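All remarks here apply to the structure that follows.
The values are calculated or read from the model by the stated rules, or taken from the named source; none is laboratory data. As the structure is a computational prediction, the values presented were derived from the model and not from experiment. Heads up, the Cβs are rebuilt from the backbone with ideal geometry, glycines too, and the neighbour counts pull from every protein chain shown. Ligands, DNA and RNA are excluded from the accessible area calculation, which covers all protein heavy atoms including side chains. Shrake-Rupley method; radii C 1.70, N 1.55, O 1.52, S 1.80 Å.
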Amino acid sequence: MSWYRRADETASSLSAATADAPACDAEGPLDARWAICERGSSEPVGFIEVSPGEAHDVGYALRRESWGLGYAREALAAVISWARRQGYSRLTATHDIDNPRSGAVMIACGMTPRYAYRERWLPKKPEVVFCMHQIDLVCGAEEYRGYAERWPVVGKAELCP
């Protein structure tokens with residue numbers, strides 16, 4: 001928690017000092033990582049973050065005992081709302097096709113599957129098929145094709161569970 005508290009303090013002081021400055025630029029915000037905690041607790045059950053760079057990729061993870069309780073969905077919905085206020089044009093997120101519940105969280109929050117691609121991704125597995133989801137936060141947002149340009153596309157959205 002000390003890492004998150006330091007990040008909050010830094011963000012607060014930067015916000016006060018740069019009230020008129022945009023919250024993010026082409027590389028993303030200075031810090032977009034949050035602990036996921038149960039209501040009324042400061043004990044993290046997971047995290048959620050938006051990666052810097054043009055993908056604006058959202059990643060999240062929860063302790064196994066916290067799966068299926070709605071924490072990921074609530075956290076992702078909050079991050080989407082935050083990103084919209086910050087002026088992002090889109091957010092992306094990927095999930096292993098062997099983890100369709102994560103894809104269901106993304107879809108429940110308004111993200112749509114766009115394509116599936118195969119990536120060598122250790123330490124998880126030698127090769128993983130990921131589904132890339134995206135939510136457009138402004139009209140006319142371009143589909144992020146960075147994963148498709150780096151890794152072989154193995155199918156359209158219908159491959160994504």
- [ ] Please verify whether segment 98-107 includes one or more residues that are closer than 20 Å to Phe47 by Cα, open to solvent by less than 60 Å² (accessible area, probe 1.4 Å), touching a Lys or Arg at 6+ places or on another chain (Cβ under 7 Å) and not in a loop (DSSP other than H, G, I, E, B).
- [x] yes
Task: Leading residue by the ranking (nearest to Asp57 (Cα to Cα)) among those in segment 108-144 that are surrounded by fewer than 13 Cβ atoms within 10 Å (Cβ to Cβ) and at pLDDT 90 or above - done: Glu142
Task: Test: Ala35 is at pLDDT 95 or above, open to solvent by 10 Å² or more (accessible area, probe 1.4 Å) and outside any loop (DSSP other than H, G, I, E, B) - done: no
TODO: Run Gly155 past the list (1) in contact (Cβ under 8 Å) with a residue 24 or more places away in the chain; (2) among the small types (Gly, Ala, Ser); (3) assigned to a helix (DSSP H, G or I) and report the number of the one that doesn't hold.
DONE: (3)
- [ ] Say whether the condition of being under 14 Å from the mean Cα position of the chain (by Cα), under 18 Å from Phe130 (Cα atoms), modelled with pLDDT of 95 or more and small (Gly, Ala, Ser) is met by at least one residue in segment 67-74.
- [x] no
- [ ] Quickly run through segment 41-94 and pick out the residues that are surrounded by fewer than 16 Cβ atoms within 10 Å (Cβ to Cβ), small (Gly, Ala, Ser) and part of a helix (DSSP H, G or I).
- [x] Ala77, Ala78, Ser81
- [ ] Assess whether Tyr71 counts as being in contact (Cβ under 8 Å) with a residue 60 or more places away in the chain and farther than 20 Å from Val154 by Cα.
- [x] no
Open item on the list: Can you tell me how many residues within segment 129-156 are within 18 Å of the chain's Cα centre (by Cα) and among the hydrophobic types (A, V, I, L, M, F, W, C)?
Closed with: 9
Open item on the list: So Ala148 passes all but one of these: (1) in a strand (DSSP E or B); (2) open to solvent by less than 40 Å² (accessible area, probe 1.4 Å). Which condition number does it fail?
Closed with: (1)
